[in-house]
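Peer 1: Below is one structure. I have some questions about it.
Each reported figure results from applying straightforward, stated rules to the coordinates on display, with no laboratory input. What you are looking at is a predicted structure, and each value in this text was computed from that prediction instead of being measured. Glycine gets a Cβ as well: all are built from the backbone with ideal geometry, and neighbour counts include every protein chain shown.
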Amino acid sequence: MDTEFSLFNTWVEQTLGIRLADYKENQMQRRILTIMAHSGANNLQEYQQLIVADPTVKAAFLSHITINVTEFYRNKVLFDAFERILTTQILPANTSPKIWSAACSIGAEPYTIAMILAKKQVTTANVLATDIDTVILNKAKQGIYRAHELRNVPAEELERYFTPMEKNQFQIKPALKRQILFKQHDLLKDRYERNVDVIVCRNVTIYFKSDARDTVYQKFSDALVPGGILFTGATETINFAENFGLKKIDSFIYQKI
């Protein structure tokens, strides 16, 4: 089976441009087998043929292997710390900060950042939101969310920034949506932004192998301006952060030295 996965991984990289070999092996194999079973394929060779033949199967595969579980203000206590540091350290130094929400998934995190900026009456910030999955980026651009994805959003913010829709859904209002630029980006192979004040990348690197994860952290550090901050997920402690030119300043928040 390992040989089959190795051949499949090589094909995915050559055909779809995604390096599955950089992800933790057992986790990725489980995800592939799960989505393969839903397609009706009996083995990886059959599944490969289905991906080529059926755009729906291809889209489902790409969406499933990239991690798209998120919500607004995920881990609210950590977002409170992020908001405090943004307010006390970043905005006083730059009223138009460059902010990058990397691996933004359905858009919950960049829109959360935009709401925080709006509360601070910051209207000139540059918020870039990127993800490897174009299907999920299109969903993010639409800005339509179900109630459970908004459970951490205060009632006054829900009223101010969202329009109620049918089927217990809500859509981001245009004024907030205009503050976000969505763009496809692969953290493992594409060029990184430069002179960034804030990077938010949460609950993604836990799926990478250690070498790939360390490379991403170094590239994040290189992308940040001195004093800029990196906000990671609740299970993503950066060991020996100083090796990447970073220092820990709060729970899961690191600053460029």
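Peer 1: Could you order peptides 190-196, 106-112, 5-11, 124-130 by the average number of other Cβ atoms within 10 Å of their residues, highest first? Before the final figure, lay out the partial values.
Peer 2: Details: 190-196: 14.4, 106-112: 25.1, 5-11: 16.0, 124-130: 19.4.
Ranked from most to least packed, the peptides come out as 106-112, 124-130, 5-11, 190-196.
Peer 1: I'd like to know how the stretch 194-257 sits against the 2.2 N^0.38 Å rule of thumb: what's its Cα Rg over that expected value? Intermediate values should be presented prior to the final figure.
Peer 2: On the way: Rg = 10.4 Å, N = 64, 2.2 N^0.38 = 10.7 Å.
In units of the 2.2 N^0.38 Å rule of thumb, it is 0.97.
Peer 1: While we're here: Give the relative contact order (percent, whole number) for the stretch 2-65; include only Cα pairs under 8 Å separated by 6+ residues. Present the calculation step by step, with values, prior to reporting the outcome.
Peer 2: Details: 40 pairs, mean separation 18.0, N = 64.
Worked out over the stretch 2-65, it gives 28 percent.
Peer 1: While we're here: What GluC sites (Glu not before Pro) does the stretch 69-175 have in DSSP loop regions with at most 10 other beta carbons within 10 Å?
Peer 2: Here the GluC sites (Glu not before Pro) that fit, given the DSSP loop and packing criteria, are Glu166.
Peer 1: Against the 2.2 N^0.38 Å scaling, with N counting residues, where does the stretch 1-126 land? I'd like the Cα-based Rg ratio to two decimal places. Let's see the in-between values first.
Peer 2: Numbers: Rg = 20.0 Å, N = 126, 2.2 N^0.38 = 13.8 Å.
Cα Rg divided by the expected 2.2 N^0.38 Å: 1.44.
Peer 1: Considering all projection directions equally, how large on average is the shadow of the alpha-carbon convex hull of the stretch 2-65, in square nanometres? All intermediate terms of the calculation are to be shown ahead of the outcome.
Peer 2: Working: hull surface 15.1 nm².
Orientation-averaged projected area of the Cα hull: 3.8 nm².
Peer 1: Right, something else. Considering only the other residues whose Cβ falls under 15 Å of the Cβ of Thr130, what net charge follows from Lys and Arg at +1 and Asp and Glu at -1? Each step should come with its number before you reach the end.
Peer 2: Values: positive: Lys98, Lys139, Lys141, Lys183, Lys189, Arg191, Arg194, Arg202, Lys219; negative: Glu109, Asp131, Asp133, Asp186, Asp190, Glu193.
Within the 15 Å Cβ shell, the charges total +3.
Peer 1: Sticking with this structure for a sec: Could you work out how far helix 44-53 tilts from the main Cα principal axis of the chain, as a 0 to 90 degree angle to the nearest 10?
Peer 2: The helix 44-53 is inclined about 70 degrees to the chain.
Peer 1: Return the Cα extents of the stretch 120-257 along principal axes one, two and three, sorted largest first, each rounded to a whole Å.
Peer 2: Largest first, the stretch 120-257 extends 49, 32, 26 Å along its Cα principal axes.
Peer 1: While we're here: Under a Cβ-only charge scheme (Lys and Arg +1, Asp and Glu -1), can you give me the dipole magnitude of the stretch 76-256 about the Cα centre, in debye to the nearest 20? Don't jump to the answer; show the numbers that get you there.
Peer 2: Numbers: 25 positive and 20 negative charges, 64 e Å.
It works out to roughly 300 debye.
Peer 1: What distance in nm lies between label points placed 7 Å from Cα along the C-beta direction at Asn26 and Thr88?
Peer 2: Label-label distance for Asn26 and Thr88, simple model: 4.0 nm.
Peer 1: About the Cα centre of the stretch 2-65, what is the dipole size in debye to 20, counting +1 per Lys and Arg Cβ and -1 per Asp and Glu Cβ, all else neutral?
Peer 2: Details: 5 positive and 7 negative charges, 43 e Å.
Here the stretch 2-65 has a charge dipole of around 200 debye.
Peer 1: Shifting gears a bit: Rounded to the nearest 0.05, what FRET efficiency is calculated for His148 and Gln121 with R0 set to 25 Å and r the Cβ-Cβ distance?
Peer 2: Working: r = 30 Å, r/R0 = 1.19.
Taking R0 as 25 Å, the efficiency between His148 and Gln121 is 0.25.
Peer 1: Sticking with this one: Build a GNM of the chain with springs between Cα atoms under 10 Å: which of Ser221, Ser210, Ser101 gets the top mean-square fluctuation?
Peer 2: Ser210
Peer 1: Tell me the angle of helix 108-119 to the major Cα principal axis of the chain, expressed in degrees between 0 and 90 and rounded to the nearest ten.
Peer 2: 10
Peer 1: If one puts a single equal scatterer on every Cα of the chain and applies the Debye formula without solvent, what log₁₀ I(q)/I(0) results at q = 0.15, 0.16 Å⁻¹?
Peer 2: -1.10, -1.21
Peer 1: Let me ask something else. Under 37 °C and 0.692 mPa s, how fast does the stretch 71-182 diffuse according to Stokes-Einstein, given a Kirkwood radius computed over C-alpha pairs? Answer in µm²/s, whole number.
Peer 2: On the way: Rh = 14.2 Å.
Estimated via Stokes-Einstein, D reaches 231 µm²/s.
Peer 1: Write out the trypsin sites (Lys or Arg not before Pro) in the stretch 67-150 meeting two conditions: DSSP loop, and at most 15 other Cβ atoms within 10 Å of their Cβ. Present the calculation step by step, with values, prior to reporting the outcome.
Peer 2: Values: sites: Arg74, Lys76, Arg84, Lys98, Lys119, Lys120, Lys139, Lys141, Arg146; in loops: Arg74, Lys120.
The qualifying sites are Lys120.
Peer 1: Calculate how steeply helix 210-223 sits against the longest principal axis of the alpha-carbon atoms of the chain, using the helix alpha-carbon long axis, and give the answer as 0 to 90 degrees to the nearest 10.
Peer 2: Approximately 40 degrees, to the nearest ten.
Peer 1: Note down the relative contact order for the chain as a percent, whole number, built from C-alpha pairs under 8 angstrom at least six residues apart. Present the calculation step by step, with values, prior to reporting the outcome.
Peer 2: Working: 384 pairs, mean separation 44.6, N = 257.
Rounded, it is 17 percent for the chain.
Peer 1: Evaluate the distance, in nm, between pseudo-label points positioned 7 Å from the Cα of Asn243 and of Glu4 along their respective Cα→Cβ axes.
Peer 2: About 3.6 nm separates the two model spin labels.
Peer 1: Would you mind checking the pairs Lys120/Lys167; Lys98/Lys189; Lys98/Lys139; Lys98/Lys119; Lys219/Lys247; Lys76/Lys248 and listing those with alpha carbons more than 26 angstrom apart?
Peer 2: Numbers: Lys120/Lys167 32 Å; Lys98/Lys189 22 Å; Lys98/Lys139 23 Å; Lys98/Lys119 17 Å; Lys219/Lys247 15 Å; Lys76/Lys248 19 Å.
Flagged as over cut-off: Lys120/Lys167.
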